[in-house]
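The values are calculated or read from the model by the stated rules, or taken from the named source; none is laboratory data. This one's a predicted model, so the numbers in the text were calculated from it and none came from an experiment. Because the Cβ atoms are built from the backbone with ideal geometry, glycine has one as well, and the counts that use them run over all protein chains shown.
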Amino acid sequence: MAGGYQSTYLCLYQKQRKMDIQQIKITPDTYAPFHLAQGYRVGDFLFISGQTALDDEGNLIGIGDFDKQAQKAFENLDKVLTAGGSSLKNVVKVTIMLRDMSNFEKIVALRARYFSAPYPADTILEVSSLFSPDALIEIEAIAVASDAAEWKK
């Protein structure tokens, strides 16, 4: 009899663990030619692919200009988060890949502009290459859906 209760509990527990997985789509989808998803909403979490300085036609903007590329990458991140039901204020983890770590101070200033306290956990890396030799920054993120976010102090 005890084993019956245990297996019933286990079945109910496994059923409750299922989460909806929904691809986040934007229009136009500049990542479609690369066979990449912009991101996924899994339950109340959003996993956002690395965002770069691509315009709506898929062209890299701001070649040679870190500030323009960084601003566009943050704007693209915000666009995908919004499409997935979240926002920059609900980002809990961000990974920023830079072609040149000399832009670190600029990233600190941009983080203060685009994120608010409590700031997300962060990893900033210098990489030798991104998807294009002219790309200077890429930002990926994990966020909580706006309808599920409740910040505690």
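Here are the numbers for the structure shown:
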quantity	calculated
Residue match in segment 109-123 (condition: part of a loop (DSSP other than H, G, I, E, B) and within 12 Å of the chain's Cα centre (by Cα))	yes
Residue that is without any contact (Cβ under 8 Å) to a residue 60 or more places away in the chain, within 24 Å of residue 22 (Cβ to Cβ) and of a type in the set (Val, Ile, Thr), where the choices are 127, 108, 91	91
Meets criteria (free of Cβ contacts under 8 Å to residues at least 24 places away in the same chain and either within 20 Å of residue 28 (Cβ to Cβ) or of a type in the set (Phe, Trp, Tyr) (or both)) for residue 119	yes
Condition met for residue 132 (in a loop (DSSP other than H, G, I, E, B), closer than 18 Å to residue 29 by Cβ and over 11 Å from the mean Cα position of the chain (by Cα))	yes
Filter pass, residue 93 being in contact with a Pro (Cβ under 7 Å, 6 or more places away or on another chain), surrounded by fewer than 16 Cβ atoms within 10 Å (Cβ to Cβ), at pLDDT 95 or above and among the basic types (Lys, Arg)	yes
Candidates 60, 54, 98 - the one that is in contact with a strand residue (DSSP E or B) (Cβ under 9 Å, 6 or more places away or on another chain) and closer than 16 Å to residue 123 by Cα	98
Qualifying residue in segment 64-72 (condition: part of a helix (DSSP H, G or I), surrounded by fewer than 18 Cβ atoms within 10 Å (Cβ to Cβ) and either at pLDDT below 95 or out of contact with any helix residue (DSSP H, G or I) (no Cβ under 8 Å at 6 or more places or on another chain) (or both))	yes
Among (1) hydroxyl-bearing (Ser, Thr, Tyr); (2) more than 17 Å from residue 26 (Cβ to Cβ); (3) in a strand (DSSP E or B) - the single one residue 40 does not satisfy	(2)
Top-ranked residue of segment 14-55 - restricted to ones that are surrounded by fewer than 12 Cβ atoms within 10 Å (Cβ to Cβ) and among the charged types (D, E, K, R), ranked as nearest to residue 136 (Cα to Cα)	20
Residues (touching a Leu at 6+ places or on another chain (Cβ under 7 Å) and either assigned to a loop (DSSP other than H, G, I, E, B) or surrounded by 22 or more Cβ atoms within 10 Å (Cβ to Cβ) (or both)) located in segment 78-90	81, 84, 86, 87
